[in-house]
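Read the structure below first, then the notes.
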Amino acid sequence: MELIFDLDNTIINSNAALTFREQRVWKSAYDQIPNFVPFGELIPIIQKLAVSHRVFIVSSSPASYIRRVCEFWQIPYSGIIAYHDTKKHKPHPEPFLTILERFNLSADNCISFGDQESDIVASKAARIISVGCLWGAGDIERLIESGPSYLLNTPGEIFDVISF
């Protein structure tokens, strides 16, 4: 099973940089990375999963930001699709279709994790199993209404949907 994660507010609470990210003031956003807050034991869980599964990140942020966050917080990944890698962005499926193509993945062998309706809609349109991560969701009702394949309340529940 290949694992595809959204980054911001799925893997890590990055609200400390939200205003800077929205304004595209990336230097200031980078300065906030040490102030981000991991969601429970999610990063150690991803580190453990990365031993037997490939982990990918599909994010609406630029690649340089994603790499800096992952490096600082020691989040392993086999590949990323970032904002500038596609013309269309979530909720369009292009970011997920691009990761499938670029890394020769089969949608049937992937599962995606996200905190927003757009993550779920895009993943489903690419025919990838979708998991709604309630721990980082800003709009829980919209996330639930988007109809993910699974809803998780805590990072530890990831093991319930991934087979080793």
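Order these peptides, 79-89, 107-117, 24-34, by their mean beta-carbon neighbour count within 10 angstrom, highest first.
Going by the mean number of other Cβ atoms within 10 Å, highest first, we get 107-117, 79-89, 24-34.
Taking the alpha-carbon distance from LYS124 and a cut-off under 20 Å, which lysines remain once sequence neighbours fewer than 8 residues away in the same chain are dropped?
Within the straight-line limit of under 20 Å, LYS124 reaches these lysines: LYS87, LYS88, LYS90.
Using a simple spin-label model with points 7 Å from Cα along the Cα→Cβ vector, what separation in nm is obtained for LYS87 and TRP26?
Placing both labels 7 Å beyond Cα along the Cβ direction yields 2.2 nm.
Figure the gain on full extension for VAL51 and VAL37 (residue separation times 0.36 nm, minus the Cα-Cα span) and round it to one decimal in nm.
2.7 nm
Is there a quick way to get the dipole size of the chain? I mean about its Cα centre, with the Cβ of Lys and Arg at +1 and of Asp and Glu at -1; what is the value in debye to the nearest 20? Provide the component values of the computation, followed by the final result.
Details: 14 positive and 19 negative charges, 111 e Å.
In debye, rounded to 20, the chain gives about 540.
Mind checking the stretch 99-154 for trypsin sites (Lys or Arg not before Pro) that DSSP puts in a loop (not H, G, I, E or B) and that have at most 16 other Cβ atoms within 10 Å? Provide the component values of the computation, followed by the final result.
Numbers: sites: ARG102, LYS124, ARG127, ARG142; in loops: ARG127.
Hits after loop and neighbour filter: ARG127.
Lys/Arg Cβ at +1, Asp/Glu Cβ at -1, dipole of the chain taken about the Cα centre: which of GLY138, ILE45, TYR65 is farthest positive-ward?
TYR65
For the chain, what is the calculated [θ] at 222 nm in deg cm²/dmol (nearest 500), taking -39500 (n - 2.57) for each run of four or more DSSP H residues and dividing by its residue count?
That comes out to -9500 deg cm²/dmol.
Averaged per residue, what accessible area in Å² does the chain show with a 1.4 Å probe, protein chains only?
On the way: 7890 Å² over 164 residues.
That works out to 48 Å² for each residue.
The values are calculated or read from the model by the stated rules, or taken from the named source; none is laboratory data. Being a predicted model, the structure only gives us computed values, none of them experimental. Cβ: placed from backbone, ideal geometry, glycine included. Neighbour counts: every protein chain shown. Accessible surface is based on the protein model in full, side chains and every heavy atom, while ligands, DNA and RNA are left aside. Shrake-Rupley method; radii C 1.70, N 1.55, O 1.52, S 1.80 Å.
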